[in-house]
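Enquirer: Below are the structure tokens for one structure; questions will follow.
The values are calculated or read from the model by the stated rules, or taken from the named source; none is laboratory data. From a predicted model like this one, the values you see are computed outputs, not experimental measurements. When we count neighbours, we look across all protein chains shown, and the Cβ atoms used for this are built from the backbone with ideal geometry, even at glycine. With ligands, DNA and RNA removed, areas are computed over all heavy atoms of the protein, side chains included. Shrake-Rupley method; radii C 1.70, N 1.55, O 1.52, S 1.80 Å.
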Amino acid sequence: MGKKRVGALEKVDADLSNLQYKIRRDPRSYNEEFSQQYRQYQTQRDIFLANPNTDATNGIVSFKDLIDFVAHVADCYLEATKPFPEELKEILTLHHAELESELREKIVGSLVLLRRKDIIDSTELLNTLFPILVSTPSKTLRTLLYQKILGDLRTSNSKTKNHKLNRTIQTALYNLLTSDRTSQKGLWAVKITRELWKRQIWTDSKAVEIMKEASLANNEKVIGGGVRFFLGGDKEREDKEDEVSGEEEAIDMGKLKHQALINKKTKKKAKTMERAVDKVKRDRKKKNAPHPLNFSALHLLHDPQGFAENLFQKHLQNSKSKLNLEQKLLVLQLVSRLVGLHQLTIISLYSYFIKYLTPKQPSVTSFLASLAQATHKFVPPDALEPLIVKIANEFVSEASASEVAAAGLNAIREICVRQPMAMNDTLLQDLVMYRKSKDKGTMMAAKGLLSLYREANPDLLKKRDRGKTASMGIKSGAIQQRRFGEEDAGGIEGLELLEEWKESERKRKRAERGLPELGTDEEEESSEDEQDWEVASNSSSDSGGWINVESDAEIEISDSDDDKPSAKRVKLDKTVVKDSTPAEPEDPAAAKKENEDKISKLATTKILTPADLLKLQELRNSAAVAKAMGGNRIQTARLKEMMARHADDALTADQIEGFAKLQKNTREEKIAMAREGKGDRNEHKSTQAIRRAKKDSEGKSTTNKEKSRKKNFLMTLGKAKYKQKRSLVQTKRVLQGHIERAKRGGKRGNIGM
Amino acid sequence: MGSSMKKKRDKKKDFQKPKLRLGKAKAKADNFTDTSFKAKAIIVNQQSLSTSAPSSALQFSHFLSLASSSKSETQRRDALAYLTSQISTKPVNEPLPIPATVILPKLLSLLLDGSTSVRTNLLKLLALLPSGDISAHAETALLYIRAGMTHLAADIRRDALLALEWLLTSTSSNTNDPVVSCPGGWVKTLNCFMTMLGWAASKEPTSWTSASKASFDKTGKMFPQQLTVLAHFIRAGLEEDQTGSIHYSGFGFFQLENRHMMMPSVPNAFAHLNLFGRCRDEEGEMYVDREDRQRVFHRVFMDAVEKGIERAKKEAGEAGRAGAVLQKVLHDGMADFDGSD
């Protein structure tokens, strides 16, 4: 029999890991060895406590290893190791600054291990680690502790929410922030809360309350952390969620089953199979689980008015505030966001903007965006009017750059979308003139303003600018000026569209069955409703995979002599008819009454299913698009985009800047732009030739100019001859037209700018 | 034309082969760089030069630091050997180059050293230190001795016992031996003995297979020695304080309390009040009086020790004899204890 090989440590009997392994297998038999080692730990601890800052690792077995050993087997000897966690905590709390780093890490790790073995509870652990995290000067320890704290909070919330623990920690964080508002320690509270918010572990108002305190702190970094959370925390959370759901790749069960049939059957493979089945089941369950209600942080705030006022007074109005411009802009964004979202009233906020509204102001577009964001329909127009006048005077003039003018017009439009009454007629008429501008950004911005007021208050526009729909609406009284603070009587927007659609759908179905078009068939209705309850089933059945192409509407309307028009056609028919002939000699009050009747009938007699609501949204959108059909495609697309933008979303500086970017391109960007489309310069070829080759390879056709250049000479002779044959009058007309165009400054003219 | 001819010649020169001649140095290469330099003095880093040899005191401290903090075990061992020879060869009346109170704290941690030769040398060195200075460091020494006694390695445990024996003999001349009366000295050390001997487990009922493995494995050879040291220790703790009683009788009845009025002869005389330290638990408490020690011993250890002695005596041989000695010591020590707490 061969000699047993023994390791160097085993020879001297100092192999703790070996002993640990043995103990874990049979704790009772090794009781004596354990007690000896535990005694050793105690004596080493005594030595350590006698002078904690010296390194006592000159023996074979260091204190660190002993701690590790005891922590690993503590669950086998619960009675004997009762004081062990307490002792570790004490060492860490008292000596964390002077401990040797490895020993320190080991103690933290052991405490977490004890927590995992359920020897101590989370609250105890976190209450030990958190004060150290805040107070320690060592960066490595801080990162370690931060990791461990987060990890522990995540594990203890993984199965179900541990409300008790969360509450304790939240209270600790809150106290940390409120106890000393000037210190930077609060940053840890912000960091932890933000991380947990991102992972959807904390989604309650208490976490929001912590962040609220952070944004009202006195330290710049803490303020920045708090404010950034409100501005971006929810987006971060959504991104994280998408990321997580995107990560899971689907398991092909069929393939696995097939493999299991063919391949060699081993225990391991059976286990993998089992796990895969488990995962698929879990995924399915997760998919079917109801979506958790996650309110955004801004909605969970208690007393948003007080918060917004405090923020504004403390950080913006206060002349002693030490924030720099960037931080101030962040705070301003938050305040304006709150004001816009909760429709708060802070009158002094608007006068605060005045001094920042000049083109020279750095990042002025952010200020403009904030101003627009802070506007809502309950802001008194008197407060906004001077601001709009200032923007118009400073930004929108012939003398200013086109980008500046575009930004100013965009800002004015965004403000007026939210409060149309802030505009007066002379100013609006002046601004609308810019739609003739040669700069595209300015032109678009002015057109946007025009189309806005065609809907909101066409009275302010000149008669010829109002457009057909608006002027007819004014004449018939359908469009009336809104008063300040006026609200629509309650109702569901587009409900009548849904009703019409339902009616037509029913008719169609009855027609299919050969029944008379009118008449009631309640049982049929109810069964149909049941079918349509689920969103998914409905969407797959009713549209049948066909996409509603709007540009065909005109054609379809013309052939209305069809006996059984499809649902789509009927719907479009009605909406277009409603749009184009609103000038019925009907008294508006009567129409309104009828409308109200309709609303009450559908919304109060039936329960709207999710499928119904989805259809309603679809109808609403298509109606709005159909209304804007007069405009070109781009406008329609923009309209769609504006509708898609949710009221909760923030307005950004990019949206104010519009097409034109205010900042110039850098040199690299310019070079890249110049290089673009020119291909590589390996062979000597003209730019034109390279472009041509590229277009050919993409399968694109030639331009008219190119075609004419390549045209056979003999074929052009006829036209050339005709030019000589022109009469004097014709020649004069051509020449005069040329002079005229030259005076105007090209085909589109120099009007505006 | 002349210049062009010159250029041609110059060019030609590049391709001509240099003629080598015997006894002449080889021509330098074109790109040769002269790297020689002149300097008035050259300073080489990390070299200490002095005209006189280091003094013995300096060398002593150097070797002391080498012994306590060197990474290599041979270096530690040699340094210890050097220190030992220095101390042993010095004249009797001459004091140590560095006082023992400085030497001790530096060297005590070597009790846990992994190398056997280092520990042996350390014990030799310790034995040479004057016994008067040791009692002040009894508490620190005990910390390391206890750590050694519970160590995973058997050799270290054995050497720790030797160290304890040394400590007991060198401090036994004191009244109120600091080894047993310092904080933690009595209960904690006895605890260590119990785990070492495997007697601690007898508190809770276990199966007979797990009982007293100490005599089976290779620590069995150490068993008699352990019993002897334990007997020594218990004698130090429980023995009637003869010097003290003589002391009392020397003075008259009126001067009975005289001792308390005089200047204390021991360092830190009020340590038992624990004015500045952390709170102590039962194990870490100071047991200054013999009666205190008896009471604690009776309450915590008496049963286990008696059972252990019974078992040791059954083993007969050296272990049995050591057990008998221990029993006698115990009997003497606890003779006047009335058993009432």
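Enquirer: DSSP loop chymotrypsin sites (Phe, Trp or Tyr not before Pro) in region A:267-321 with at most 14 other Cβ atoms within 10 Å of their Cβ, which ones?
Expert: Qualifying residues, ordered by number: A:PHE295.
Enquirer: For A:HIS258 paired with A:LYS285, estimate the spin-label separation in nm (one decimal), with each label point 7 Å from Cα along the Cα-to-Cβ line.
Expert: Here the modelled spin labels are 2.9 nm apart.
Enquirer: Still on this model: Once both labels are modelled 7 Å past Cα along the beta-carbon direction, what's the A:VAL417-B:LYS38 spacing in nm?
Expert: Placing both labels 7 Å along Cα→Cβ, they lie 8.7 nm apart.
Enquirer: Rounded, prolate or oblate: which fits region A:324-371, taking a ≥ b ≥ c as square roots of the Cα gyration tensor eigenvalues, rounded meaning a/c under 1.5, else prolate when a/b beats b/c?
Expert: Prolate, since a/c reaches 1.5 and a/b exceeds b/c.
Enquirer: Leaving out ligands and nucleic acids, and using a 1.4 Å probe, what accessible area per residue does region B:1-60 come to in Å²?
Expert: On a per-residue basis, region B:1-60 sits at 118 Å².
Enquirer: Starting from the Cα-Cα distance between A:GLU493 and A:HIS376, subtract it from 0.36 nm times their residue separation and give me the gain in nm to one decimal.
Expert: Here the answer is 40.1 nm.
Enquirer: How shielded is A:387-394 by partner chains, expressed as the average number of their Cβ atoms within 10 Å of its Cβ atoms?
Expert: The shielding value for this peptide is 0.
Enquirer: Moving on to the next point. Using Cα-Cα distances under 8 Å and only pairs 6 or more residues apart, what relative contact order does region A:304-476 have, in percent?
Expert: 16
Enquirer: Run the quick spin-label model on B:LYS328 and B:GLN75: label points 7 Å from Cα toward the beta carbon, then report their separation in nm to one decimal.
Expert: Going from the B:LYS328 label point to the B:GLN75 one covers 5.0 nm.
Enquirer: Give me the number: length gained by fully extending A:VAL277 to A:ASN218, i.e. 0.36 nm times residue separation minus the C-alpha to C-alpha distance, one decimal in nm.
Expert: Contour length minus the Cα-Cα distance gives 15.8 nm.
Enquirer: What average number of partner chain Cβ atoms lie no more than 10 Å from the Cβ of the residues making up B:138-148?
Expert: 4
Enquirer: Let me know the mean shielding of A:27-38 by other chains, meaning the per-residue number of their Cβ atoms within 10 Å of its Cβ.
Expert: Taking the mean over all residues of the peptide, I get 4.
Enquirer: Hey, another quick one. If ligands, DNA and RNA are left out, what is the accessible area of A:HIS299 with a 1.4 Å probe, given in Å² to the nearest 10?
Expert: A:HIS299 exposes around 80 Å² with every protein chain in place.
Enquirer: Accessible area of region A:8-209 with a 1.4 Å probe: how many percent of it is carbon plus sulfur?
Expert: Using a 1.4 Å probe with all protein chains present, region A:8-209 comes out at 48 percent carbon and sulfur.
Enquirer: Given a 1.4 Å probe and no ligands, DNA or RNA in the count, how much accessible surface is buried by B and A, both sides, to the nearest 100 Å²?
Expert: Counting protein atoms only, the buried area is about 2400 Å².
Enquirer: How many Å² of accessible area per residue for region A:165-259, probe 1.4 Å?
Expert: Normalised by residue count, the accessible surface of region A:165-259 is 47 Å².
Enquirer: Which lysines, on any chain, are close to B:LYS26 with Cα under 30 Å apart, when same-chain ones fewer than 8 places away are left out?
Expert: By straight Cα distance, B:LYS26 reaches B:LYS6, B:LYS7, B:LYS8, B:LYS11, B:LYS12, B:LYS13, B:LYS17, B:LYS38.
Enquirer: FRET efficiency for A:ILE690 and A:THR716, Cβ-Cβ distance as r, R0 = 35 Å, nearest 0.05?
Expert: Result of the calculation: an efficiency of 0.80.
Enquirer: If a/c stays under 1.5 just call it rounded; otherwise compare a/b with b/c (prolate if a/b is bigger, oblate if not). Do that for region A:304-476, with a ≥ b ≥ c from the square roots of the Cα gyration tensor eigenvalues.
Expert: It is oblate, given that a/c is not under 1.5 and a/b is not larger than b/c.
Enquirer: How far, in nm, would the chain grow between B:LYS8 and B:THR120 when pulled straight, counting 0.36 nm per residue and subtracting the alpha carbon separation?
Expert: 31.6 nm
Enquirer: Still on this structure, I have one more. Accessible area, 1.4 Å probe, largest first: how do A:THR703, B:THR35 sort?
Expert: B:THR35, A:THR703
Enquirer: Run the numbers on region B:96-118: which residues show a drop of 10 Å² or more in accessible area, chain on its own versus all protein chains together, using a 1.4 Å probe over heavy atoms?
Expert: B:SER109, B:LEU112, B:ASP113, B:GLY114
Enquirer: I've got another one for you. What ranking do A:159-172, B:122-135, A:362-375 get when scored by the average of other Cβ atoms within 10 Å per residue, highest first?
Expert: Averaged packing, sorted descending, gives the order A:362-375, B:122-135, A:159-172.
Enquirer: If you don't mind, another one. What FRET efficiency comes out for the pair A:ASN18/A:ASP242, r = Cβ-Cβ distance, R0 = 45 Å, nearest 0.05?
Expert: 0.40
Enquirer: On to the next question. Go through A:LYS22/A:LYS279; A:LYS64/A:LYS117; A:LYS139/A:LYS235; A:LYS436/A:LYS707; A:LYS198/A:LYS269 and tell me which ones have a Cα-Cα distance over 27 Å in this structure.
Expert: Beyond 27 Å: A:LYS22/A:LYS279; A:LYS139/A:LYS235; A:LYS436/A:LYS707; A:LYS198/A:LYS269.
Enquirer: Counting only heavy atoms of the protein chains, get the accessible area per residue of region A:276-434 (1.4 Å probe) and round it to a whole Å² value.
Expert: 45
Enquirer: Would you list A:TYR453, A:TYR356, A:TYR174 from the most to the least accessible area, probe 1.4 Å?
Expert: Largest to smallest exposure gives the sequence A:TYR174, A:TYR356, A:TYR453.
Enquirer: Could you go through region B:61-77 in sequence order and give the Karplus-derived ³J(HN,Hα) for each residue, using 6.51 cos²θ - 1.76 cosθ + 1.60 with θ = phi - 60°, rounded to whole Hz, and x for Gly and Pro?
Expert: Those phi angles translate into 5, 4, 5, 4, 5, 4, 5, 7, 10, 6, 7, 8, 6, 5, 4, 4, 4 Hz.
Enquirer: Under 8 Å for C-alpha pairs, at least 6 residues apart: give me the relative contact order for region A:8-209, rounded to a whole percent.
Expert: Here the relative contact order equals 15 percent.
Enquirer: From the Cα gyration tensor of region A:8-209, with a ≥ b ≥ c the square roots of its eigenvalues, which class applies: rounded if a/c is under 1.5, or else prolate if a/b is larger than b/c, or else oblate?
Expert: Cα axes put region A:8-209 in the prolate bin.
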